Amino acid sequence: MTSSVVVTGGGRGVGRAIVERLLEEPGLTVVVVEFEAGTLDRSEKHERLVPVIGDASDEEVVARAVEAAGSGGAVLRGWVNNAAVFPGGWLHEMSGTDAGTLINRNLAPVLAGCGAAVRAFLAAGVPGSIVNVSSHQAQRAVRGAFAYATAKAAVEGLTRALAVDYGRHSVRVNALALGSIATDRSDAHLDALGAEARDGFEREIRLLQPLGRMGRTDEVAEAAAFLLSERSSFINGAIIPVDGGRSAVGRDPEEI
């Protein structure tokens, strides 16, 4: 019996790396939920990649992903909630309702994905693994990004709660808390900087992340593949930093 995994936001960056890593697993079907159809040009080149175009927070879209994951007799066994946006903003400049809407842009896709995955696992009576992609900002907010930090903190709380609720059904729920990862988005930001600002950015990364560099998307993908596999069968409710040591750093003005 073949297995399948759903990855949301799998068209670019971290999501794309996760998809490519999972396609290395023999016989595994990977269903990719992606808002931008143009990022899935490679779907024609791999018979085990199934695109589902739409918003990952839309219940109808995630239902289509579940259906696609079960095509050909495959059994859904994993789900990666990676889809995200990076809204900025200041709370004093908006209403509470508007702030909630902004937060929900990153929380709603995870709620929809987790709900769809758990229902599918329970209906099939099979063990399953959910991997939620979080951020170092869940614990250490970045100025001007309250909505993103709040949503990621909620994602980590949801991860722990679902691990407790559904562990008895052999459903594991874990999260990866990412540090600064090099993607097309970060590359574009660096390219737009002048030489002095770029040097300052790289110096700050060396101070923030003890390994002295940004992470690679394939490093995140390897961690996700591990959590989806039976190799991590006793890991549940964990928030695992993939940040080069960023979460361990205590910056201090008197540091050597």
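The values are calculated or read from the model by the stated rules, or taken from the named source; none is laboratory data. None of the values given here were measured: they were computed from a predicted structure. Reconstructed Cβ throughout: ideal geometry from the backbone, glycine too, with neighbour counts over all protein chains shown. With ligands, DNA and RNA removed, areas are computed over all heavy atoms of the protein, side chains included. Shrake-Rupley method; radii C 1.70, N 1.55, O 1.52, S 1.80 Å.
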*asked:* Residues that are buried (at least 16 other Cβ atoms within 10 Å of the Cβ) and assigned to a loop (DSSP other than H, G, I, E, B): does segment 30-42 have at least one?
replied: yes
_Out of everything in segment 234-256 that is β-branched (Val, Ile, Thr) and assigned to a strand (DSSP E or B), what residue ends up being least open to solvent (accessible area, probe 1.4 Å)?_
Val242
*Take the residues of segment 72-128 that are farther than 28 Å from Val5 by Cα and polar (S, T, N, Q): which is surrounded by the most Cβ atoms within 10 Å (Cβ to Cβ)?*
Thr101
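Anything in segment 71-103 that is touching a Cys at 6+ places or on another chain (Cβ under 9 Å) and not polar (S, T, N, Q)? List them, or say none. Before you say what the answer is, go through the steps one by one.
Taking segment 71-103 first, the residues touching a Cys at 6+ places or on another chain (Cβ under 9 Å) are 79, 81.
Across segment 71-103, the qualifying residue is only Trp79.
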*Kindly indicate whether any position in segment 64-71 is open to solvent by 40 Å² or more (accessible area, probe 1.4 Å) and under 17 Å from the mean Cα position of the chain (by Cα).*
no
_Looking at segment 139-152 only, could you name the residues that are closer than 20 Å to Gly15 by Cα and either touching a Ser or Thr at 6+ places or on another chain (Cβ under 8 Å) or surrounded by fewer than 21 Cβ atoms within 10 Å (Cβ to Cβ) (or both)?_
Tyr148, Ala149, Lys152
*If you go through segment 151-170 one residue at a time, do you hit one that is closer than 19 Å to Leu111 by Cβ and touching a Lys or Arg at 6+ places or on another chain (Cβ under 8 Å)?*
yes
*Out of Ala197, Ala175, report the one residue that is crowded, with 18+ Cβ neighbours inside 10 Å, of a type outside the set (S, T, N, Q) and either under 19 Å from the mean Cα position of the chain (by Cα) or on the phi < 0 side of the Ramachandran plot (or both).*
Ala175
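Looking only at helices (runs of 4 or more DSSP H) that fall completely inside segment 173-233, which ones have 3 or more residues that are at pLDDT 90 or above? Break it down stepwise before answering.
Working: elements: 184-191, 195-208, 217-228.
Because the criterion is at least 3 residues that are at pLDDT 90 or above, the helices (runs of 4 or more DSSP H) in segment 173-233 that meet it are 195-208, 217-228.
Looking at this structure, is Leu23 touching a His at 6+ places or on another chain (Cβ under 9 Å) and closer than 20 Å to Glu230 by Cβ? Spell out the reasoning first.
Details: touching a His at 6+ places or on another chain (Cβ under 9 Å): yes; closer than 20 Å to Glu230 by Cβ: yes.
For Leu23, the condition - touching a His at 6+ places or on another chain (Cβ under 9 Å) and closer than 20 Å to Glu230 by Cβ - is met.
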*Starting from residues that are assigned to a strand (DSSP E or B) and among the small types (Gly, Ala, Ser), keep the ones in segment 1-15 and report whichever is surrounded by the most Cβ atoms within 10 Å (Cβ to Cβ).*
Ser4
*Residue check, Leu102 against (1) in contact (Cβ under 8 Å) with a residue 12 or more places away in the chain; (2) closer than 22 Å to Val131 by Cα, all met but one. Which one?*
(2)
